[in-house]
Structure formats: structure tokens, C-alpha cells
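Notes follow the structure.
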Amino acid sequence: MSADNSRDRLVPYSSKLAFGVGQFAEGLKNTAFALFVLFYYNQVLELSGSLAGLALAIALIFDAVTDPLAGSLSDNWKSRLGRRHPFMYASALPLALAFTGLFWPPSGVQALGQWGLFAWLTLFAILTRGAMTLYHVPHLALGAEMTENYNERNRIVAYRQFFSSLGVAAVWLAGFGFFFTDARGGNMAVENYAPFAVTLGVLMVATIWFSAWGTQKEVPFLSEPAPKPKRNPIAQLYLDLFAGFANPSFTWLFSGVFVVFVMAGVNSALDLYMLQYFWELQDGEKLGLGMASVLGLALGVFVVVPLLPIIGKLNGVLVGTAVWAICQVIPVVMRLFDWLPANGSTELFITLFAFKFVQGLILQLAFVAFGSMMADVADEHEYRTGVRQEGIFFGAVAFSAKATSGVGTLLAGVGLDIISWPRGTQIQTAADVPASTLVDLGLFYGPVVAGFSIVSLWCYTHYNLSRERHAEIVAKLNERRQTAGADETAAPAATGPATTAGG
């Protein structure tokens, strides 16, 4: 820590790089979870869509406690490795093992029927989520507390989002570029899923440990947990959550992102259904379309960092969310009205590629701005309460992100059952699905789900922590720390003369 106790600093490139690499693991897990779990259990293993969705929703309920609990524990943890790093180191192997188990149910479980598969999915979804929580929440909190510089936070989040995009790309490449190609039986071949999961698990371990090791040198610049009475962790969690949600800035941000993540979860869970049956794309085209969004997200990082200081963080979130919704709706509506080139044509693929690229490019505005705004909220909270609680804030945000494959997948699974979607590996092409069912799928995926973005945008408009207000808060925090540091320095000096005089 600098002598003036200021945390308004530029973070070394090596630390930003290591921190960003850590998001690669979360990108792997989230993308594979959202893209393949429902399809694997519902279409390949023939588990009911409602039961598959229910299993993931149960795991999300587990997250409702463990995500903020991990944040609260890391906020108050004391060790020579710091507050966050012990959790980051400890999480990697359990995450890889649980994730592998998710895609590798034994044949005996399948013989137990629907409820056996449901139990296996529920158990390993909980284990995977719990292990990711142990890593991801402290990792997010670490990024928020490395600096209080308003624009440097944009850059730190941009590193994180760039490597998240690479994690997304790795899943698409590993899936449709290797494990699920036609030569290997495609995504209907059950034997392809286990080696796919093992490969991703190894990558998760490597990148998590690299991130923890590469950011270890930042510990001296981070906050120490404030002295608190020793309490039961659950009681402390309740108090921390109560204090967090008493902050209006956080409450509105959390509400907005929860709604948008649930919408994204429905769409992610149905992506494979849309690509394979609604748009009738070949494996190479599926990969290309997945990479279009990733390419937009990756390039968006380089657009966002110089743009956000000009337009402001709140505008970045609003524009990014609105464009995401628009790009979900327009292609589906155009297809339903037969305003697009025919399925199977090169022109259709190019059109869809353009929409996905623009969607990713502009969505990155919302991702980077939101992460930076959450770090600003932590400063506001310290100013209001005197306590740093990045962990509890980002624990709640991590929970909302997991709603992507929890509530979102539940809604997607129930939706598939409502529209009577046919299950089984024999359902190979759009010709195997009733035309009215395909229309229902498109309506659910596009206009119905994306329409809820209006609620998210309304929540975001209530956020009022401006750049000017944040600058005032940081200045007052630095004054407070300098005063506290001066008092600590003066105390021994005052004690010395008194002792001498007494002698």
C-alpha cells in the first residue's frame, strides 16, 4: 500500500493478464453448461425437459446460499495468502472432477430411468456449481479491489471479458471443431461427451492455478478484513447480505442483471435446438455462428475501453442490453415472415453471422461497464459503512449469472415440454419436427424471452452513482484512511513520553 493509503493506482500488466486468464475457466464452464447440458440430458439421454430444468433449478437454489456465503467468507478471511487466493487455489481440482462427472453418468444410472438421471444431474450440477463458486466469487472480488481508479477498472474488467470470450470460443471449437463432428457421430453420440468434459476440466485447472499464482503479488495492495465479532458464518452472511441490499445502487444493478441473465439462460439452453432444427445449420456452420458472437465479444473489448469514458458506464449497460435483445428478436421474426434467405443457403448463414457478430460486439459494452460499476458500488458501500465487501456483492452477481443455467434452463425445459418437443436421437432434422412446433420454438426463443429486457433496462435506469459522485467518494475514503493512518502512527509517540514522565 502506498504511504498515502490511496488505492487509486494503475495495476501492472502481468497482474491484469493473470487476473484475466482466470476468467477463461469460468467461460469454459458457463458455455458448456448452458450450451450442452440440457441438450445432452434431454435430447441424447431422453430425460424429460421439465426434470432436466428442475434439476438445474435445484442446483441454483443451492447457489442462492453458497455464492454469497463464499463472498462473505472471503471478505472476512485472514491468511498469509490473503483473503481471496486460498479459495482460488483450493477450487480447481474439485471443479474439474465435478464437471467431468456431469457429462459422464454411469450406464447404471441410465438404467434407473428418468429419476436416476434426474438425481445424477442434480448432484453433479450442485457439485460443479459449488466448486465454481469457491473460485469465481473470490476471483471477481479480487479484480474489484485491485484498484479504485475509475477507468483502470474498465481495463481490468476488459481483460476478464476478453479471456471469458476465449473460454467461450474454446468450447465451440472443442465441441463442433473436434468432439461433435460428423466423423465422430456428432452431438447425438453419447460417447463424445466424457472426453469433451475431461479436456475442459484440465484447462480449468491450469488457468485457475495460473491466475491465482500470477495475482499473488497483488495481496499487499489489497484490503484487510475489518475487525468484526466472531459469528456463525451463516449469521455473518445474513448481516452482510442485509447491508449489501441496503445499498440502492447495488439492488437496482442486481435486479437488472438477474432478469437479463435469466433471459440469456433460456436462449443459451435452446441454442442447439435453434441451430440444428430451426435454422438447419451444418456442423461447420454451427461452429461458425458460435464463433461470430465470440469474435464480436473479443473485438468489443478493444472498442469498449476507449468508448466507456466518453459515453459513461450506465449508457454502456443500457445500450449493450438493448442491442442484445434486438439481435435476438429480428432474425427470428424475419424467418417467421419468410423475409430471410432460405435455410441451407450461404446468404442465410452470412446474415445470421452478421447479427451474432454485432450482438457480441455491442454486448461487451454491457459486460465491461457492469463489472466496473459493481466495483464502484463497493467503494460507495465502504464510504457508507466503513467495510469493504466486494465478496458479498460479487457473490450475489455470480448467483445471478448462474441463473443463466438455473432458472433459464428450467424455463427452457418446461417450454420444450409445453410445445411438445419430440425427444430422442432419432430426431435428427427439422423434417422430424412438426412445423407448428418449430414456429413455437422460434417465438419462445426470440420475441417472448427478449421482451423481458424492458424490465432489465427499467431497473438499470435507477442506478445513480455517477463518475463525479464516485470521485468524491474515493477522495473522502483516502482522507479517512490518511486520518486513520496518522492516528495509528501518533499513538506510540504519545505513549512514549507518558511512560517516561511516569518513571
Next item on the list: Report, in order of residue number, the helices in the chain meeting two criteria: a C-alpha extent of 24 Å or more along the helix axis, and a mean Kyte-Doolittle hydropathy of at least 0.0; treat each whole DSSP H run as one helix.
Entry: 13-39, 49-75, 85-102, 114-145, 150-174, 193-214, 248-273, 283-311, 313-336, 346-385
Check: Based on DSSP H runs of at least 4 residues, each adding -39500 (n - 2.57), what is the mean residue ellipticity at 222 nm of the chain after dividing by all its residues, to the nearest 500 deg cm²/dmol?
Finding: -25500 deg cm²/dmol
Notebook entry, point to check: Could you put Leu410, Leu54 in order, starting from the residue whose Cβ has the fewest other Cβ atoms within 10 Å?
Noted result: Leu54, Leu410
Check: Can you give me the relative contact order of segment 1-116 as a percent, contacts being Cα pairs under 8 Å and 6 or more apart?
Finding: 18 percent
Margin query: I'd like the FRET efficiency for Glu46 and Tyr383, computed as 1/(1 + (r/R0)^6) with the beta carbon distance as r and R0 of 45 Å, rounded to 0.05.
Written below: 0.25
Note to self: Using a 7 Å offset from Cα along Cα-Cβ at Ala90, what residues in segment 121-140 end up with backbone N under 15 Å from the label point?
What the structure shows: 130-139
Checklist line | Computed Kirkwood radius, in angstrom, where 1/r is averaged over Cα pairs of segment 1-160 | finding: 17.5 Å
Item checked: Distance between segment 11-50 and segment 318-382 - C-alpha centres, whole angstrom -> 19 Å
Next item on the list: Over the chain, calculate the relative contact order: mean separation of alpha carbon pairs under 8 Å at least 6 apart, over the residue count, as a percent.
Entry: 29 percent
Notebook entry, point to check: In which sequence would Leu299, Leu117, Leu438, Leu416 go, from the one with the fewest C-beta neighbours within 10 Å to the one with the most?
Noted result: Leu299, Leu438, Leu117, Leu416
Checklist line | Whole-number D in µm² s⁻¹ for segment 241-319, Kirkwood Cα-pair radius fed into Stokes-Einstein, 10 °C, 1.306 mPa s | finding: 102 µm²/s
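Semi-axes of the equivalent ellipsoid for segment 78-233, please: Cα gyration tensor eigenvalues, times 5, square-rooted, ordered largest first, whole Å. Write out the running numbers ahead of the final one.
Values: eigenvalues 251, 89, 27 Å².
Values for segment 78-233, descending: 35, 21, 12 Å.
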Next item on the list: State the label only: which of (i) 0.95; (ii) 1.02; (iii) 1.29 corresponds to Cα Rg over 2.2 N^0.38 Å computed from the shown model?
Entry: (ii)
Margin query: Placing unit charges on C-beta atoms (Lys and Arg positive, Asp and Glu negative, everything else neutral), compute the dipole magnitude of the chain about its Cα centre in debye, rounded to 20.
Written below: 960 debye
Notebook entry, point to check: In nm, what is the difference between 0.36 nm times the number of residues separating Leu10 and Ser436 and their Cα-Cα distance?
Noted result: 147.7 nm
Margin query: Taking 2.2 N^0.38 Å as the expected size of a compact globular protein, what ratio does the Cα radius of gyration of segment 262-359 give against it, to two decimals?
Written below: 1.17
Notebook entry, point to check: Which FRET efficiency, nearest 0.05, do Leu173 and Leu443 yield, Cβ-Cβ r, R0 45 Å?
Noted result: 0.90
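All of the numbers you see were taken from the coordinates with simple rules; none came from a lab. Quick caveat: nothing in here was measured; it's all calculated off a predicted structure. Quick reminder, even Gly has a Cβ in these numbers, built from the backbone with ideal geometry, and neighbours come from all protein chains shown.
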